Amino acid sequence: MAASLQLEVVTPDGAVLSTGAEYIGIPGIAGQFGVMPGHVPLLSALAIGELYYRLDGKQLEVFISGGFAEVSDNKVSILAESAERKQDIDVERARQALMRAEKRLDASRRGDANIDVSRAHAALSRALGRLRVAGV
Ligand code: ATP
């Protein structure tokens with residue numbers, strides 16, 4: 001099938017991806033949803049997780065951590081807080097981030113009142129998401 005969707009992934013640091021796609025799976029805040037050509041216009045908040053798209057018989061994955069998706073006229077714009085293509089994920093960095101978040105949550109469970117628990121949970125979700133997209 002020819003690519004009839006255009007996918008743009010942008011973060012505050014710049015463009016991460018600009019590609020054609022035949023199908024896009026998006027981690028919306030209310031659950032994963034799919035976009036095929038002809039999709040109705042849509043605006044959705046994004047969860048932390050995996051976005052994937054199909055092109056020329058291949059499936060490619062991108063990590064995204066929150067933001068917004070806009071679907072309009074076969075164009076899908078992802079405005080993400082951060083995003084990395086699978087091959088750009090630094091696995092060791094994500095492992096370190098996971099360990100830091102786990103230590104903070106552990107300290108909080110042991111009564112350390114200086115820990116920002118929701119921030120540590122968000123960091124944990126980002127690290128786990130990156131490791132999952134990287135296939136670790
Ligand atoms: P860290 O504590 O390692 O910075 P983080 O989850 O707090 O992780 P973010 O705030 O989501 O990091 O991202 C900050 C910037 O660093 C973004 O440009 C993001 O793409 C990049 N980044 C973070 N972790 C990784 C990683 N494991 N591999 C590649 N890029 C990463």
| message | Can you tell me which of (1) touching a residue at least 24 places away in the same chain (Cβ under 8 Å); (2) surrounded by fewer than 16 Cβ atoms within 10 Å (Cβ to Cβ) is the one residue 110 doesn't meet? | response | (1)
| task | Can you work out which of the residues in region 38-75 that are closer than 28 Å to residue 121 by Cβ and in contact (Cβ under 8 Å) with a residue 60 or more places away in the chain is surrounded by the most Cβ atoms within 10 Å (Cβ to Cβ)? | result | 63
| query | What residue, among those in region 59-92 that are assigned to a loop (DSSP other than H, G, I, E, B) and within 11 Å of the ligand (Cβ to nearest atom), is farthest from residue 7 (Cα to Cα)? | reply | 90
| remark: Given the conditions (1) surrounded by 12 or more Cβ atoms within 10 Å (Cβ to Cβ); (2) among the aliphatic types (A, V, I, L, M); (3) touching a residue at least 24 places away in the same chain (Cβ under 8 Å), every one holds for residue 120 apart from (3)
| request: Take residue 55 and decide whether it is within 23 Å of residue 132 (Cα to Cα) and more than 13 Å from the chain's Cα centre (by Cα). | output: yes
| Pair list, Cβ under 7 Å, 6 or more apart: region 76-96 residue more than 14 Å from residue 18 (Cα to Cα), other residue near the ligand (Cβ under 7 Å from one of its atoms) | 81/11; 81/65; 82/11; 82/65; 89/130; 94/127; 94/130
| message | Residues that are closer than 19 Å to residue 94 by Cβ and not in a strand (DSSP E or B): does region 12-33 have at least one? | response | yes
| query | Can we say residue 104 is modelled with pLDDT of 95 or more, surrounded by 16 or more Cβ atoms within 10 Å (Cβ to Cβ), more than 14 Å from the ligand (Cβ to nearest atom) and of a type outside the set (A, V, I, L, M)? | reply | no
| remark: The number of residues in region 85-101 that are crowded, with 17+ Cβ neighbours inside 10 Å and within 29 Å of residue 59 (Cα to Cα) is 4
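One line per residue, one yes/no per condition, for (1) assigned to a helix (DSSP H, G or I); (2) within 9 Å of the ligand (Cβ to nearest atom); (3) among the acidic types (Asp, Glu):
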| position | (1), (2), (3) |
| --- | --- |
| 94 | yes, yes, no |
| 112 | no, no, yes |
| 119 | yes, no, no |
| 127 | yes, yes, no |
| query | Going by the conditions given, is residue 6 away from the ligand (no atom under 16 Å from the Cβ), surrounded by fewer than 18 Cβ atoms within 10 Å (Cβ to Cβ) and within 16 Å of the chain's Cα centre (by Cα)? | reply | no
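The values are calculated or read from the model by the stated rules, or taken from the named source; none is laboratory data. Worth saying up front: this structure is predicted, and the values here are computed from it rather than measured. Cβ coordinates were reconstructed from backbone atoms using ideal geometry, including for glycine residues, and neighbour counts include every protein chain displayed.
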